[in-house]
Amino acid sequence: MALLTIYHALDPILRKKAKAVENIDGELADLTRDMIETMYDAPGVGLAANQVGLPASFFVIDMGVEKDKRDPRVIINPTVVMSGEIEEGEEGCLSIPDIFASVKRHSLIELKGYDLDQNEIRIEADGFLSRAIQHEMEHLNGSLFWDNLGRSKRDILKRKFKKKLREK
Ligand code: NI
C-alpha cells in the first residue's frame, strides 16, 4: 500500500480525456487499492485515475458516503445517464484543495461499468452520491467542477487557487 501523489487542477493531466481500460488485471487492482488509501487519507470521497497521473477510464468512490460507513468501490469504464431535477450543491475536489463552490448537477444518475472481477455493475444514485459520481465522470472527460461555473466565478476561484499554490 502506498499513498499516491494527487495532481492539482492546473496540471495538464487533468485535461486529458481518459482512455478505456483494456486489461482489468492485478496491476489495476494494486493501483486502485492505493487510490482508495489516498482518497481516504486526503480525505475525500472520490478519486479519478487522471488525478493520480493516469488518463484511464476508472475511478474509486466511497459508496457509503451518506451512511457514515466506508464502502469503497472501483468503477471501470463507466458510463452514466443523468436524469431528474437540477440541484445546486457545494462541491470540492482533491485536485483543488480548500476551494469550494456551488455546482448545478442532475439529482439522479444511473451508472454502469465494471468492477475488478470484470463483473458488470449498475448503480442508481441520488443526493450527494449522484453529485460525487457526476464529478468523477467529469474528471474522466478532462473537466473540472469549476468549468460548470460562469467565467467570472471560475476566474475568481482560479486566482484564489493559484495564490494558495504559491503560498505552499
Ligand atoms: Ni475532483
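The values are calculated or read from the model by the stated rules, or taken from the named source; none is laboratory data. Small disclaimer: the values here were computed from a predicted structure and weren't measured. In this analysis, Cβ positions are derived from the backbone assuming ideal geometry, glycine residues included, and neighbour counts consider all displayed protein chains. The accessibility values were calculated without ligands, DNA or RNA, using every heavy atom of the protein model including side chains. Shrake-Rupley method; radii C 1.70, N 1.55, O 1.52, S 1.80 Å.
Some values worked out for this structure:
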quantity: Distance violations [Cα-Cα > 26 Å] among LYS19/LYS112; LYS69/LYS162; LYS16/LYS112; calculated: LYS69/LYS162
quantity: Top of ILE156, ILE99, ILE13 by mean-square fluctuation, Gaussian network on the chain, Cα under 10 Å; calculated: ILE156
quantity: Accessible surface, 1.4 Å probe, highest first, among residues LYS160, LYS104; calculated: LYS104, LYS160
quantity: Partners for LYS168 among lysines (Cα-Cα distance below 25 Å; same-chain residues under 8 apart left out); calculated: LYS153, LYS158, LYS160
quantity: Cα→Cβ-extended label distance, 7 Å offset, between LEU108 and ARG122, nm; calculated: 1.4 nm
quantity: Potential extension, ALA29-LYS162 segment - 0.36 nm per residue separation minus Cα distance; calculated: 44.5 nm
quantity: Solvent exposure ordering (accessible area, 1.4 Å, most first) of TYR40, TYR7; calculated: TYR7, TYR40
quantity: Principal axis dimensions, region 26-145 - Cα atoms, whole angstrom, descending; calculated: 39, 32, 30
quantity: Two-decimal ratio, region 99-168, of alpha-carbon radius of gyration to 2.2 N^0.38 Å; calculated: 1.41
quantity: Inverse mean reciprocal Cα-Cα distance (Kirkwood Rh) of region 21-77, Å; calculated: 11.4 Å
quantity: Area accessible to solvent at PHE128, 1.4 Å probe radius, in Å²; calculated: 80 Å²
